[in-house]
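Have a look at the structure below before the remarks.
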Amino acid sequence: MSLPFTVDAFFGVFARYNEAVWPLVLVLWLAAAIGLIATVRRPGAAASRWMTTLLAVLWAWGGVVYHAAFFAAINPAAWVFALLFVVEAGLLAEIGLRRGGLAFGQAAGVSRIAGIALAAYALAYPGLAALTSHAYPATPTFGVPCPTGLYTIGMLLTLSRPAPIVLAVIPTMWAIVGGSAAVVLDVPVDYVLLASALFVPIRLFFPKPSSRAPDGAATRTATT
């Protein structure tokens, strides 16, 4: 794969980004950790709205703050990525908040387990990246696109019904784009991101009919 920037330039973007936005990256990580715990322990309308809001913020942040403000300096394609990330944030807000059509944490079986594992991996991502590639601050932290993609795909897998296709397209595309650059850019932690591109299509085409009802009540159907 040929890239329009060097590996050093790529990690230099992370260094500038982290120095500029700290400690907001820690705030994003804490919000995501609380959201995951709340969704796992007490899935329901309140947890789903929290999670939807968080995901929309993460995608808007990745588009405007990371791609447009930092990554575009070394890669013109970042403007396209920024637009797609903002579109995903809008879709999350429209489907999950305005329509109330997303019920996170209510899937059953393998889909639920895989989703929680991916989201937890996304939270561990910054530490794993620092251990396996470059030291902080020249390393991806939570809130940049790849852990956001991992966290989102994980949470989409926990939905009571398969995610609306329109909502799954951009995260899956980013998993392919971001994950495929892992070898060239020396980010082995992104191998899981590349593999996660398969998870949403599998969930879409082989949905599990049963779901986990919150607090023993019947699971409410999510509007798609």
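The values are calculated or read from the model by the stated rules, or taken from the named source; none is laboratory data. Quick caveat: nothing in here was measured; it's all calculated off a predicted structure. A quick note on method: Cβ atoms are made from the backbone with ideal geometry, for glycine too, and the neighbour counts reach across all protein chains shown.
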So which of Gly149, Gly101, Gly105 is closer than 25 Å to Leu83 by Cα, in a loop (DSSP other than H, G, I, E, B) and small (Gly, Ala, Ser)? Gly101
Exactly one of (1) small (Gly, Ala, Ser); (2) in contact (Cβ under 8 Å) with a residue 24 or more places away in the chain; (3) outside any helix (DSSP H, G or I) is unmet by Ser2. Its number? (2)
From the list Val27, Val57, Val65, Val80, pick out the single residue that is surrounded by fewer than 21 Cβ atoms within 10 Å (Cβ to Cβ), within 20 Å of the chain's Cα centre (by Cα) and within 30 Å of Arg161 (Cβ to Cβ). Val57
Positions within the range 120-138 being within 13 Å of Gly12 (Cα to Cα) and of a type in the set (A, V, I, L, M), in sequence order: Ala135, Ala138
Quick one: what pairs do we get from the range 184-199, first residue on the phi > 0 side of the Ramachandran plot, second assigned to a helix (DSSP H, G or I) and buried (at least 18 other Cβ atoms within 10 Å of the Cβ), C-beta under 9 Å, 6+ apart or different chains? Asp186/Phe11
Any residue in the range 139-146 that is of a type in the set (Gly, Ala, Ser), crowded, with 21+ Cβ neighbours inside 10 Å, within 15 Å of Ala33 (Cα to Cα) and at pLDDT 95 or above? yes
I need the full set of residues from the range 103-132 which are surrounded by fewer than 24 Cβ atoms within 10 Å (Cβ to Cβ) and either under 18 Å from Ile170 (Cβ atoms) or without any contact (Cβ under 8 Å) to a residue 60 or more places away in the chain (or both), in order please. Ile113, Ala117, Ala124, Gly127, Ala130, Leu131, Thr132
Restricting attention to the range 160-176, and to residues there that are of a type in the set (A, V, I, L, M, F, W, C) and surrounded by 18 or more Cβ atoms within 10 Å (Cβ to Cβ), which single residue is modelled with the lowest pLDDT? Ala163
For the list (1) touching a Pro at 6+ places or on another chain (Cβ under 7 Å); (2) modelled with pLDDT of 95 or more; (3) part of a helix (DSSP H, G or I), I need the number of the one condition that Val65 fails. (1)
Do we have Trp50 as at pLDDT below 95, crowded, with 16+ Cβ neighbours inside 10 Å and in a helix (DSSP H, G or I) here? yes
